[in-house]
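Notes to accompany the following structure.
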Amino acid sequence: MTVSAVNLDQRRRQVLAAAVKHYVDTAEPVGSHAIAAALGFRISSATIRHDFTALEHAGYLHQPHTSAGRVPTDLGYRFYVNELMRPYPPGLKTQHLVVELYREQTEFDPALEATCRLLTSLTHYPALAAGPSWRNSLLRRIELTRINRTHVLAVIITQSGQIRHSLLAITVVPSNDKLHQIADLLTHKFAGRRLGDLTRESLLAALGILPGGQKLREQAVELVIRSLGEREQSLAYVQGTALIFEQREFRHPERAQPLLQLLQDQTALIHLLQFEPASLKRSSPASAQTPSLVTVKIGKENEREELQECALICASYQVADRLAGSVAILGPKRLPYERAVPTVHWVARRLGEALTRISQ
């Protein structure tokens, strides 16, 4: 007997939801008597055993071995997240603490680090955050300042509020007046353009009217190119990696080690946090409150082998109405989705508001 998601009746939905909640709370296979108790004994154990069989045939539950109860499959978790869970947004006390935290932020990168600490504190899972790709960020301003006879401080400021400082050594440093003139010319020419568009050729063309000769123009372009090259991609920030060991699934070092290595790999994390603007497909009124700009990847929905026993909840944030980056938490598949999904989304929205304020 096969039961599709379309014709899963109300009783079997209740049984599946109770089975998922039990396994999330205990990490132990659930039996029919525990489900009957969770549902207030409105359904007999015999009926629940029959429903277990139907749900197992449909792929939502599986039985680790003959004498055990059932545990959710990836498909069971997916159906629960898409159709059954009732989201619980953060309480008023938590909301107030978060608002106060972001009120104190004045710089882009510290705000991302603070977000990771916040998500770890709220969820007790490892938290991740990433900003927009450096070369895809839009320029707001270039600043060049003479520090001494051989060093220039170059500052690149993006429209999303990212700031990069580079102390660069050159043979002969122009005067501050010349440096400010160069910075103003380039800012006027390239403000609002992608940093990746600031090539050596385009910068030289923009400085074509600069008095002082070809050598000065080439020297100025070299300064900007070197400062832009300081960061080829965004950074990923991580907090709470040791919390992996608190989860029963990863208490053995050999199971936790691949995850720990992944969380130390910047390239892998940046790829992991590349936001896919796919909404959760929902049909039940109870789940309509759950935000759409959240991606939940469960088990084998994750491409990387290290994450096949994990769930990743990732939410995008916007800066000045532009998609800027994403934040996420990572844990075992038995995450408390009804609290974790709205928490990650809510924090992402507050982060976007804070970074929009910082960028103005």
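Structure notes:
- Any pair with Cβ under 8 angstrom, 6 or more apart, that starts in the stretch 53-70 at a residue that is over 13 Å from Arg12 (Cβ atoms) and ends at one that is of a type in the set (Asp, Glu): His62/Glu56; Gln63/Glu56; Gly69/Glu28
- The set of residues from the stretch 5-54 being in a helix (DSSP H, G or I), within 22 Å of Arg78 (Cα to Cα) and polar (S, T, N, Q) comprises Gln10, Gln14, Thr26, Ser32, Thr53.
- Search result, residues across the stretch 73-102 that are of a type in the set (Lys, Arg) and either touching a residue at least 12 places away in the same chain (Cβ under 8 Å) or over 26 Å from Leu355 (Cβ atoms) (or both): Arg78, Arg86
- When Arg200, Arg141, Arg146 are checked against the criterion of being among the charged types (D, E, K, R), touching a helix residue (DSSP H, G or I) at 6+ places or on another chain (Cβ under 9 Å) and either closer than 18 Å to Val319 by Cβ or assigned by TED's automatic domain parsing to the domain that holds Ile270 (or both), a single residue qualifies: Arg141.
- Just one of (1) over 26 Å from the mean Cα position of the chain (by Cα); (2) over 23 Å from Lys333 (Cα atoms) fails for Ala38. It is (2).
- Given (1) crowded, with 16+ Cβ neighbours inside 10 Å; (2) modelled with pLDDT under 95; (3) more than 27 Å from Gln14 (Cα to Cα), index of the condition Arg103 fails: (1)
- Residues (in contact with an Asp or Glu (Cβ under 8 Å, 6 or more places away or on another chain) and under 22 Å from Val238 (Cβ atoms)) located in the stretch 79-112: Tyr102
- If only residues of the stretch 100-132 that are out of contact with any strand residue (DSSP E or B) (no Cβ under 9 Å at 6 or more places or on another chain) and in a loop (DSSP other than H, G, I, E, B) are counted, the one that is farthest from Gln318 (Cα to Cα) is Glu104.
- Listed conditions (1) within 28 Å of the chain's Cα centre (by Cα); (2) at pLDDT 80 or above are all met by Gln162, apart from (2).
- Residue within the stretch 235-246 that is in contact (Cβ under 8 Å) with a residue 24 or more places away in the chain and more than 21 Å from the chain's Cα centre (by Cα) present: yes
- Flag if Glu56 is over 30 Å from Leu186 (Cβ atoms) and not assigned by TED's automatic domain parsing to the domain that holds Lys297: yes
- The stretch 44-53, residues that are touching a helix residue (DSSP H, G or I) at 6+ places or on another chain (Cβ under 9 Å) and either crowded, with 18+ Cβ neighbours inside 10 Å or among the polar types (S, T, N, Q) (or both): Ser44, Ser45, Thr47, Ile48, Asp51, Phe52
- For the stretch 179-202, taking the residues that are touching a residue at least 40 places away in the same chain (Cβ under 8 Å) and more than 16 Å from Ile225 (Cβ to Cβ), the one that is surrounded by the most Cβ atoms within 10 Å (Cβ to Cβ) is identified as Ala191.
- Any chance Gly76 is at pLDDT 90 or above, small (Gly, Ala, Ser) and surrounded by fewer than 17 Cβ atoms within 10 Å (Cβ to Cβ): no
- The stretch 295-325, subset of a type in the set (S, T, N, Q) and free of Cβ contacts under 8 Å to residues at least 24 places away in the same chain, residue surrounded by the fewest Cβ atoms within 10 Å (Cβ to Cβ): Gln308
The values are calculated or read from the model by the stated rules, or taken from the named source; none is laboratory data. Keep in mind the model is a prediction, meaning the values are calculated, not measured. All Cβ positions, glycine included, derive from the backbone under ideal geometry; neighbour counts span all protein chains shown.
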